[in-house]
Structures are given as C-alpha cells and as structure tokens.
Amino acid sequence: MPDLLPFRIHFEDPEIAPLDLDASDAENARQLAANRRGVPAGAIRKVKIIREKVDG
C-alpha cells in the first residue's frame, strides 16, 4: 500500500469548510473529498498537500 499524504481540499462554495484528509495522491484526495462532502468533483477549487513548517 502506498504511503498516504496529508491534503487540504478547498471548495468553490465558501459555505463549505476546507477538508483535511490523507490520500495516496491528489486525484484520490479529490474523489474522497467529493464523496465526503456530497458534492461533484467540479465543486473543488484546489487540492493542496500540507507541508510541515520546519524552523531553520
């Protein structure tokens, strides 16, 4: 099983809060978010990987 990455999904509708989830890739994250929020995949504005901030 591939490693899961943390994603934050933002939706076109500002009434729908962003969703954080773990998925294998961006397309998988998009599908999971659409299913969990009950919206079509086209309602998703952006899919971003969550990067840890490292103090340098």
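Observations on the structure shown:
- When you count the other C-beta atoms within 10 angstrom of each residue and take the mean per peptide, 6-16, 22-32 line up highest first as 22-32, 6-16.
- Principal-axis tilt of helix 26-37 within the chain, Cα atoms, nearest 10 degrees: 50
- Between Ala17 and Gln31, the contour length at 0.36 nm per residue exceeds the alpha carbon distance by 3.4 nm.
- The HN-Hα couplings worked out from phi for the stretch 10-23 by the Karplus form 6.51 cos²θ - 1.76 cosθ + 1.60 (θ = phi - 60°) are 10, 9, 4, 7, x, 6, 8, 5, x, 10, 9, 8, 9, 8 Hz, whole numbers, x standing for Gly and Pro.
- Cα-derived Rg to Rh of the chain, Kirkwood definition: 1.02
Read-outs: derived from the displayed coordinates by stated rules, not from any lab. Just so we're clear, the structure is a prediction, and the values are computed from it rather than from any experiment. Reconstructed Cβ throughout: ideal geometry from the backbone, glycine too, with neighbour counts over all protein chains shown.
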